[in-house]
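Q: The structure that follows is given in the form of structure tokens.
The values are calculated or read from the model by the stated rules, or taken from the named source; none is laboratory data. Keep in mind the model is a prediction, meaning the values are calculated, not measured. All Cβ positions, glycine included, derive from the backbone under ideal geometry; neighbour counts span all protein chains shown.
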Amino acid sequence: MELYLYIALFAPLVGSLYSSLFARSPKSQQVGIIASGLLFTSFVSSTILLTYVMGGHTVHTEMMTWIATGDLYIPFGFVVDQVSVVMMMVVTIVSTVVHVYSIGYMDHDKGFNRFFAWLSAFVFSMMVLVMSDNFAGLFIGWEGVGLCSWGLIGFWYHKESATWAANEAFIMNRIADLGMLIGIFLVYWNVGSLQYDVVFSEIGNLQPVIITWIGIFLFIGAMGKSAQFPLHTWLADAMEGPTPVSALIHAATMVTAGVYLVVRANPIYDLIPNVGIFIASLGAFVALFAASMALVNRDMKRIIAYSTLSQLGYMFVAAGLGAYWVALFHLMAHAFFKALLFLGAGNVMHAMHDELDPFKMGGLRKVMKGTFVMMTLASVALAGIYPFAGFFSKDLILEVGFVEHHYVIYTVLLLTAGLTAFYSFRLVALIFHGEERYKLFGIHPHEAYKFMLVAMSPLLVLAIIAGSFKMTYFQLVMNLLPATQYHVHDHTTFWIMTIGTQLFVIAAILFAYKKYSNWSSVPDGSSAMEKSFFYKLLWNQYYIPKMYEEIFAKPYAELSRIAWKQIDLKIVDATVDAIANGIYKTGENTRDIQNGNLSTMLRWMVVGLVVLSILAVAFTVGYNVVGA
Amino acid sequence: MFEAIAFYLFAALTIVMFTITVMTSQALYALTAMAAGMIFISAFFFLLGADFLGVIQIIVYTGAVMALYAFGMMFFDTTRNVVEKGTNPQIVFVLGVLAAVMVVTIFVAPIVSNNIQALYPIQENIGNSQAVGMVLFTKYLVPFELAAVMLLVAMIGGIVLAGKKMDKSLTLMKEEEIGGLDEGFEPEAGGH
Amino acid sequence: MAITLTHYLVLASVLFVIGLIGVMRRKNLLMLFFATEILLNATNIAFAAISHYIGDLSGQMFAFFIIAIAASEVAIGLGLLIVWYKRTGKIDLDQMNSMRG
Amino acid sequence: MIDHILTLLIFFPALAAMLGFVVTKDSIRAYGIAVAGIEFLLSLWLWYAYDPMVSGMQFMEAAPLIPAFGINYLLGVDGISLFIIILSTFFTLIGIASLTEKRRIKDLIITLLFLEMTMVGVFAALDAIVFYVFWEFSLVPMLYIIGAWGGPLRIYASVKFFLYTFTGSLVMLVGMLFMAYFYYQATGQWSFAILEWYRLILPENFQLWLFVAFFLGFAIKVPMFPFHTWLPYAHGQAPTIGSVILAAILLKMGTYAFVRFSLPLFPDASVFFMIPIAVIAIIMIIYTAMVAYAQEDIKQVVAYSSISHMGVIILGTFALNVEGVSGSVFLMLAHGVVSGALFLLVGVIYDRRHTKLMSEFGGLASVMPRYATIFGIMMMASVGLPLTINFVGEFLSLLGFYKQSHMLTLTAGTAIIVGAIYMLSAYKKAFFGNVTNEENKKLKDINKTELVGLIPLTIVAIWLGVYPKPILEPINNSVESVIQLMHDKAQSAEAKVRIPDLSGKNGTNTMQEAY
């Protein structure tokens, strides 16, 4: 089995290295095909591992030593257990689909080969992240995906906004990574090891306050990767990258790494329910917060990005409340339909020549049938309509909130579910229904390549049926995660809740359709709604990016300039130069003593004599006083 | 009592003589006063039991050194008043007194604390000259020889420096000729 | 009223001060030499006195060497003085400024 | 021959440099490469013959110089110095091989070979006087390199460099002399042998004073804030090769000396000064990172980033535990590789455009993709991405210091943030965006000569990031013995607690065995 483990892990790396060999050459189709093929190999190996793990086994292997010094021992160790195998499946499935899709999507791009090098490298990092058997290995993957995300967001490096967004993402993630790093340090100095099995078996022996700190710092790391408030701004900006990147990294896999971390570290978080509550509350807040921003946005990809953010909030609610398997399940289901949504959006973008404003589209249903169906179904899944995947995972989170008696969280999540349905279908309605507003801009949309649609179809299927795996999945992960069933015991309440939620969501969908399916004009900022305070607030993302710019970025730049021009050059360096100049000046001035006039010299000699005598007296007297 | 009288007498005389040496504007007065002062100083040496040193003081200083100065002065115009340009006498005085006080303190302080021990104690049964000779030719032999060599060097140096062109009489020569005596050097001033 | 070491030392320092005043006052090189002789003699008295009161001959030894040095100094100094006088016709200190830095 | 390999390593380049005077100008380059290559192979042989399991000094050589004062020609290497020696020979080779300088190349190569002698000498010396002599000698070739091949302000920069570092090392010399005097008082014999000094247990107040004396010499060399201002000038004016050697090797002398002298000689003082020095290190890290962010000249960015990274090294050194000190020693190597490579890279663009201002560039990624790739890898290494060489060192240094202070490490950890900020923004300014400057449109991508230097560095940067064990293991063994020595010598209760006791561990050599 270890062979499959290594194949699953290193096939993407091989693909990446192979592609990077051609990074300089003009586009060649085979690069994409080989990279995709290798990804598929990885997927197949993961599937084999899945069946193996379902048999009740786990694979744990240690490739070689990485860092060993003092008491610290960090190997390149990999583990395939019930949790990581689920992640591996998600990652390999989505990335295989995205790879194949990208062959079509990046067809006309100069950096075709380079794109695959980055993309496969990302998959490799993600695999390291999920398969590692220790925190340091996790951190490798953690930073690795950050790097690839940087490279892919800034893939079109000639675009100022893209490179800016890439840097923003990297730096924001770095802030969180610091928290993660501190968490790792805490674990090491208190447990003496970074191996999951050792840490989790000994974590109970620590003082509660230390466990709390560990939990907090690790979660700070998770907040950055999963773009939780207040480190969320990078995710929306990250949409500057090519759309397959958004689908793979910023929807399905990388951003869920934070959730994975919390799920993986469940023995730690089990011991600190207070932190769990905080996580859940933050998650609920982010769910609503992000959904509200998605309501008014006019950038197709950003809307989906906010939706991702919102769903990540859901996952954190589940994880924070101790329902780790629910979080992981929603992670999986979300990966499928969100990736599908993004890839659909990619098709639309292609068709619309990179136009992103859904108000400038409309009526695309006729030209892009396949995409239309897929995006609609993905949105339905996202909204959580029975029997799509979202229903099983998302409603379960609502139930978790209810069962755990966190009614505020429950209410917030319920409200958010409505908002989600609304903005998802606002998008669908604006893009595919109504008048063909794009004609005003002289665009002639066309459907994407057939094989791209075919490539997307596995995601479609999974988005529809993923819910039916629920019990199998539960059986699988209960080996590793707390196997709590979240059932509303009272049947009446259960049915009221379920049906009520469904009705609420459907009402939201219908409202969205009603409002937007016959939209005819492109808003120009003149309508009353667009002038209202709330609209502006949401439109400007609560002014948070602006605030960050004003509070952090600009002062930092200004402070840096001051540090250089004022402090470094004018104080530190000037002091040094002043000392040097002082010595030099002393020389210049005392030159006059050497004016060659002997009687002046004699006089100085007398002065010297007197000074020396005074010194001698002082020392002698001092010596006698002290000595006596 | 005798010692005290002698000390105060000679002290007063020495101070007066040296003050004249320093203050007078006549070179001859200065020379004479100093020679007298030297002799008075030798009296202190006798008082202190350093007979040999006293004799040396008279012979070497008053005999040799003063004679040398006297010869030296023949070269210069000694009849003329020595004109000193104004320096601030107050500063001079204050500095000098200060220095003196310091020196006194330096010398007295260790004695007060009784830190000094005799390395070569004066033996009571032998005379000063003998004792001096014993120490000088045993412990201080090398410095003594060095001093001898130094004196020799000084002597030769003095002769060479002063004795150059002794065959020419500077007093009888004209100023231009004096100026031309040193080849390679430009005389800076045209005499007096 | 016995004469103590302090008496001698005070005398020596008074003489030394006189010498110092001379050193600072004099511009005529020859007179300056006289002043230095006074300095040396003042020290000699101090040495001899200490030697006597402590009962150690080393002080006298130093006095001897000082006398020897004084003699040498006069010999060389006068020699130089004469050479200088031959060259410039003056022995004024203020005009010896060829060592100006 | 293996018995005298260190002597050979030190004096072979110097002799070869002497011979270099008779080599013709056309063949001097090949000659230089050959000499540096042989030297590098010799140092590899040293590594091969080095027994990683022994933590003490190996290949010791001794010859009396001034026996009356206990000054001897003592050489030896342990895990701490071995790799810095190899780094020195490696960088000299790379520097000469990828030399693009045209002016007076013969003089330059001879100077470089002399410099190599002094560098190896510093790291191999086990006698304080020999160490000091090489330490000071190393200034001269560098002074010459900056002063003769530098930019317009070169005289100012080189004099500043020389006087500044020289002043510091004079204070250090006083410390050394006092140390030897103290040894004399304690044992009745003079000795400047470092290993014999190790055996001394100094009273705490002496330790404090001596520590400060040594500290000044080392801190200026490192350079620690606020003694760092000579470095930007030196880097700004030095030719590429000068900057490379300066950043890669010469700065390491300071941090190496901390590990070699300050820690084992003054364990109590090290503990006493740990927090103040950590604060200085943190100021170095954050403050210089900010200054780096404000720079307009890409070389200055790299120069200030050097200072920032040196702060992490200092922090690791004063973690006073095996993790931190091993990490800092490893980071010395890592930073050598990475900053050396970055300076080489800056040199590449300077050769083409004769400017280092970032505003002159922009969009280079599309004109010089290969260059941009290597620069990107090195930048990421500098930022401390896992699986690159820097990460191992930074991680261990911070990890080690975390044991001593949580808050300070948290603050110092911002290094990974601020480091990313200035590096990424510099990279963005120079490489991303559209090509706006006409002159940049026809720039040639990196050529073979330049690749000769950069490819090995890139390989090393990644190889040691993935598999640091061959280097980390000998370092670890030697550091363990240093830490144990410190623990055994420590007197104050705080020091006993702060410096871990390793004697219970298997395979750890105690003080007597090690030295």
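Q: Confirm whether D:Gly217 is among the small types (Gly, Ala, Ser) and surrounded by 22 or more Cβ atoms within 10 Å (Cβ to Cβ).
A: Judged against the criteria, D:Gly217 is a match.
Q: Right, another one. Mind checking which pairs have a first residue in the stretch A:1-26 that is farther than 14 Å from A:Met63 by Cβ and a second that is among the small types (Gly, Ala, Ser) and in a loop (DSSP other than H, G, I, E, B), Cβ under 7 Å, 6 or more apart or different chains?
A: Filtered contacts from the stretch A:1-26: A:Phe22/A:Ser28.
Q: Sticking with this structure for a sec: I'd like the residue in the stretch B:59-77 that is touching a residue at least 12 places away in the same chain (Cβ under 8 Å) and surrounded by fewer than 16 Cβ atoms within 10 Å (Cβ to Cβ) and, out of all such residues, is farthest from B:Met34 (Cα to Cα).
A: Applying the filter and picking the extreme gives B:Asp77.
Q: Identify all residues within the stretch C:16-47 that are farther than 27 Å from C:Gly79 by Cα and touching a residue at least 24 places away in the same chain (Cβ under 8 Å); write none if there are none.
A: Scanning the stretch C:16-47 gives C:Ile45, C:Ala46.
Q: So which residues in the stretch A:308-349 are touching an Asp or Glu at 6+ places or on another chain (Cβ under 8 Å) and either surrounded by fewer than 24 Cβ atoms within 10 Å (Cβ to Cβ) or of a type in the set (Lys, Arg) (or both), if there are any at all?
A: Residues satisfying the conditions are A:Gly322, A:Met349.
Q: Filter the helices (runs of 4 or more DSSP H) completely within the stretch A:442-516 down to those with at least 2 residues that are of a type outside the set (A, V, I, L, M, F, W, C) and closer than 30 Å to A:Asp270 by Cβ.
A: A:470-477, A:491-516
Q: Kindly list, by first and then second residue, each pair from a residue in the stretch A:43-60 that is touching a residue at least 40 places away in the same chain (Cβ under 8 Å) and polar (S, T, N, Q) to a residue that is surrounded by fewer than 17 Cβ atoms within 10 Å (Cβ to Cβ) and assigned to a helix (DSSP H, G or I), limited to pairs with Cβ atoms under 9 Å and residues at least 6 apart or on different chains.
A: Correct list of pairs: A:Ser45/A:Leu3; A:Ser45/A:Tyr6.
Q: Of the conditions (1) more than 27 Å from D:Thr167 (Cα to Cα); (2) modelled with pLDDT of 80 or more; (3) not hydrophobic (A, V, I, L, M, F, W, C), A:Asn595 clears all except one; give me its number.
A: Exception for A:Asn595: condition (2).
Q: OK, next. Does A:Phe359 satisfy the criteria of being of a type in the set (Phe, Trp, Tyr), within 27 Å of A:Lys470 (Cβ to Cβ) and out of contact with any Phe, Trp or Tyr (no Cβ under 6 Å at 6 or more places or on another chain)?
A: Spelling it out, it is not the case that A:Phe359 is of a type in the set (Phe, Trp, Tyr), within 27 Å of A:Lys470 (Cβ to Cβ) and out of contact with any Phe, Trp or Tyr (no Cβ under 6 Å at 6 or more places or on another chain).
Q: May I ask you to list the residues in the stretch D:194-220 that are part of a helix (DSSP H, G or I) and within 25 Å of D:Ala62 (Cα to Cα)?
A: First, the residues of the stretch D:194-220 that are part of a helix (DSSP H, G or I): D:194-198, D:204-220.
Correct list: D:Ile194, D:Leu195, D:Glu196, D:Trp197, D:Tyr198, D:Phe214.
Q: Does A:Thr65 satisfy the condition of being under 30 Å from D:Gly316 (Cβ atoms) and free of Cβ contacts under 8 Å to residues at least 24 places away in the same chain?
A: Working: under 30 Å from D:Gly316 (Cβ atoms): yes; free of Cβ contacts under 8 Å to residues at least 24 places away in the same chain: yes.
So A:Thr65 fits the description; yes.
Q: Related question: For residues in the stretch B:38-78 being more than 12 Å from C:Leu30 (Cα to Cα) and of a type in the set (S, T, N, Q), which is nearest to the other protein chains (Cβ to nearest Cβ)?
A: Here the residue is B:Gln57.
Q: Can I ask one more? Answer with yes or no whether A:Val128 is surrounded by 24 or more Cβ atoms within 10 Å (Cβ to Cβ) and within 19 Å of the chain's Cα centre (by Cα).
A: Numbers: surrounded by 24 or more Cβ atoms within 10 Å (Cβ to Cβ): yes; within 19 Å of the chain's Cα centre (by Cα): yes.
Answer is yes for this residue.
Q: Of the residues that sit in the stretch C:28-54 and are surrounded by fewer than 24 Cβ atoms within 10 Å (Cβ to Cβ) and among the hydroxyl-bearing types (Ser, Thr, Tyr), which one is modelled with the lowest pLDDT?
A: C:Tyr53
Q: Which helices (runs of 4 or more DSSP H) sit wholly inside the stretch A:212-312 and have at least 2 residues that are among the β-branched types (Val, Ile, Thr)? Step through it out loud before you land on a result.
A: Working: elements: A:233-237, A:243-247, A:257-264, A:266-271, A:273-296.
Of the helices (runs of 4 or more DSSP H) lying wholly inside the stretch A:212-312, those with at least 2 residues that are among the β-branched types (Val, Ile, Thr) span A:243-247, A:257-264, A:273-296.
Q: Another question, if that's okay. For the stretch D:22-54, name all the residues that are polar (S, T, N, Q) and within 21 Å of the chain's Cα centre (by Cα). I'd like the intermediate steps shown before the answer.
A: Restricting attention to the stretch D:22-54, the residues satisfying the condition of being polar (S, T, N, Q) are D:24, D:27, D:43.
Within the stretch D:22-54, just D:Ser43 meets the criteria.
Q: Something else: Collect the residues in the stretch A:467-496 that are hydrophobic (A, V, I, L, M, F, W, C) and under 32 Å from the mean Cα position of the chain (by Cα), keeping them in residue-number order.
A: Answer for the stretch A:467-496, where residues must be hydrophobic (A, V, I, L, M, F, W, C) and under 32 Å from the mean Cα position of the chain (by Cα): A:Phe469, A:Met471, A:Phe474, A:Leu476, A:Val477, A:Met478, A:Leu480, A:Leu481, A:Ala483.
Q: Tally the residues that are assigned to a loop (DSSP other than H, G, I, E, B) and out of contact with any Pro (no Cβ under 7 Å at 6 or more places or on another chain), restricting the search to the stretch D:315-369.
A: 10
Q: Failed condition for A:Tyr516, given (1) surrounded by fewer than 16 Cβ atoms within 10 Å (Cβ to Cβ); (2) under 30 Å from A:Gly363 (Cβ atoms); (3) touching a helix residue (DSSP H, G or I) at 6+ places or on another chain (Cβ under 6 Å), with all others met?
A: Tallying (1) surrounded by fewer than 16 Cβ atoms within 10 Å (Cβ to Cβ); (2) under 30 Å from A:Gly363 (Cβ atoms); (3) touching a helix residue (DSSP H, G or I) at 6+ places or on another chain (Cβ under 6 Å), A:Tyr516 fails exactly one: (1).
Q: Any residue at all in the stretch D:429-436 that's at the interface with chain A (Cβ under 10 Å from one of its Cβ atoms), out of contact with any strand residue (DSSP E or B) (no Cβ under 7 Å at 6 or more places or on another chain), assigned to a helix (DSSP H, G or I) and not acidic (Asp, Glu)?
A: yes
Q: If you take just the helices (runs of 4 or more DSSP H) that sit entirely in the stretch C:4-101, which of them hold at least 2 residues that are within 12 Å of chain A (Cβ to nearest Cβ) and within 13 Å of the chain's Cα centre (by Cα)?
A: Answer list for the stretch C:4-101: C:5-25, C:29-54.
Q: Let me ask something else. How many residues does the stretch A:350-365 hold that are in contact (Cβ under 8 Å) with a residue 60 or more places away in the chain and either more than 13 Å from A:Leu427 (Cα to Cα) or surrounded by 21 or more Cβ atoms within 10 Å (Cβ to Cβ) (or both)?
A: 9
Q: Evaluate the following for D:Asn476: is it modelled with pLDDT of 90 or more and in a helix (DSSP H, G or I)?
A: Spelling it out, D:Asn476 is indeed modelled with pLDDT of 90 or more and in a helix (DSSP H, G or I).
Q: Counting just the residues of the stretch A:62-105 that are under 29 Å from A:Tyr324 (Cβ atoms) and among the hydroxyl-bearing types (Ser, Thr, Tyr), which one comes out surrounded by the most Cβ atoms within 10 Å (Cβ to Cβ)?
A: The residue in question is A:Ser95.
Q: What residue, among those in the stretch A:173-194 that are at the interface with chain D (Cβ under 7 Å from one of its Cβ atoms) and not basic (Lys, Arg), is nearest to D:Thr409 (Cα to Cα)?
A: Step by step, filter the stretch A:173-194, then rank; the result is A:Ile182.
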